[in-house]
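A.B. asks: Questions regarding the structure given below will be posed in turn.
The values are calculated or read from the model by the stated rules, or taken from the named source; none is laboratory data. No experiment lies behind these values; they were computed from the predicted model shown. Note that we place each Cβ from the backbone using ideal geometry, even for glycine, and neighbour counts take in every protein chain shown. All accessible areas refer to the heavy atoms of the entire protein, side chains included, with ligands and DNA or RNA removed. Shrake-Rupley method; radii C 1.70, N 1.55, O 1.52, S 1.80 Å.
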Amino acid sequence: GWMWNESSVPSLTNCACTGNSARDDGGGIWNYYNSNAILFNCTFSGNLANDSGGGIYNAESAPRLTNCTFSGNWADDYGGGIFNKGNITLTNCTLIRNIALSAGGGICNGIGRATITNSILWDNLLDQTFGLTMATYSDIQGSYTGEGNINADPLFVDIASGDYHLKSQGGRW
């Protein structure tokens, strides 16, 4: 993987974690034991885990992610974008086109809980989210119970080229 955190509180802003791999868990970042990372405006794309957590593997930690994008990450087992066994918080994040072969293409919660607000989970395989997820005011493909959640095509500018900005109502950028 790209970064291993144990008993630390790293703060990352405007980072790009792209094209990394792990023989086991955490293709991008591996958080363990009170590694409460703070990530702002970071991109995780094209990362691979031969087990779980293509983008991030989180255990016994409570990271906070804001304005982050997870796209095209892969896990041979659980959590294509994120595998979580802690308490992870996502705000204004986009998880799109991540793949997990067992469950949780976008995010998979093992014994953990994800709190998701004002985010988009779209076109992840096998599913958008798996396990205990508290989502509000988010756009989750296939619908998801929670206050203010919707199931509507987010109308990204150009999915094929990886431009996940949203189009205006007039169809412009």
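A.B. asks: Which one of the conditions (1) open to solvent by 40 Å² or more (accessible area, probe 1.4 Å); (2) of a type in the set (Phe, Trp, Tyr); (3) at pLDDT 95 or above does TRP173 fail to meet, given that it meets all the rest?
C.D. replies: (3)
A.B. asks: State yes or no: is GLY81 surrounded by fewer than 23 Cβ atoms within 10 Å (Cβ to Cβ) and closer than 20 Å to ASN14 by Cα? Reasoning before the result, please.
C.D. replies: Working: surrounded by fewer than 23 Cβ atoms within 10 Å (Cβ to Cβ): no; closer than 20 Å to ASN14 by Cα: yes.
Here the answer is no, as GLY81 does not meet what is asked.
A.B. asks: In region 113-141, what residues are small (Gly, Ala, Ser) and closer than 14 Å to LEU95 by Cα?
C.D. replies: Residues of region 113-141 that are small (Gly, Ala, Ser), as a first pass: 114, 119, 131, 135, 138.
Answer for region 113-141, where residues must be small (Gly, Ala, Ser) and closer than 14 Å to LEU95 by Cα: ALA114, SER119, ALA135, SER138.
A.B. asks: Filtering region 130-157 down to residues that are surrounded by 17 or more Cβ atoms within 10 Å (Cβ to Cβ) and in contact with a Gly (Cβ under 8 Å, 6 or more places away or on another chain), which residue is nearest to GLY106 (Cα to Cα)?
C.D. replies: PHE130
A.B. asks: When you check ALA103 against the structure, is it open to solvent by less than 10 Å² (accessible area, probe 1.4 Å) and in contact (Cβ under 8 Å) with a residue 40 or more places away in the chain, yes or no?
C.D. replies: Working: open to solvent by less than 10 Å² (accessible area, probe 1.4 Å): yes; in contact (Cβ under 8 Å) with a residue 40 or more places away in the chain: no.
Judged against the criteria, ALA103 is not a match.
A.B. asks: Here is a follow-up. If you check THR89 against the conditions, is it closer than 20 Å to TRP122 by Cβ, open to solvent by 10 Å² or more (accessible area, probe 1.4 Å) and modelled with pLDDT of 95 or more?
C.D. replies: On the way: closer than 20 Å to TRP122 by Cβ: yes; open to solvent by 10 Å² or more (accessible area, probe 1.4 Å): yes; modelled with pLDDT of 95 or more: yes.
Answer is yes for this residue.
A.B. asks: When only residues in region 106-126 that are open to solvent by 20 Å² or more (accessible area, probe 1.4 Å) and modelled with pLDDT of 95 or more count, which is nearest to ASP51 (Cα to Cα)? Can you show your working first?
C.D. replies: As a first pass, look at region 106-126 and keep what is open to solvent by 20 Å² or more (accessible area, probe 1.4 Å): 110-111, 113, 115, 117-118, 120, 122-123, 125-126.
Then drop every residue that is not modelled with pLDDT of 95 or more, which leaves 113, 115, 117-118, 120, 122-123, 125.
Values: ARG113: 20, THR115: 23, THR117: 27, ASN118: 29, ILE120: 24, TRP122: 22, ASP123: 21, LEU125: 16 Å.
Of everything passing the filter in region 106-126, LEU125 is nearest to ASP51 (Cα to Cα).
A.B. asks: If you check every pair at least six apart or on different chains, which have Cβ atoms under 6 Å apart with a residue in region 1-23 that is closer than 19 Å to THR69 by Cα first and a residue that is modelled with pLDDT of 95 or more and open to solvent by 80 Å² or more (accessible area, probe 1.4 Å) second?
C.D. replies: Pairs found: THR13/PHE40.
A.B. asks: Could you give every pair whose Cβ atoms fall below 6 Å, whose first residue belongs to region 68-82 and is over 18 Å from LEU39 (Cβ atoms), and whose second residue is open to solvent by 30 Å² or more (accessible area, probe 1.4 Å) and of a type in the set (Val, Ile, Thr), counting only separations of at least 6 or pairs across chains?
C.D. replies: TRP74/ILE99
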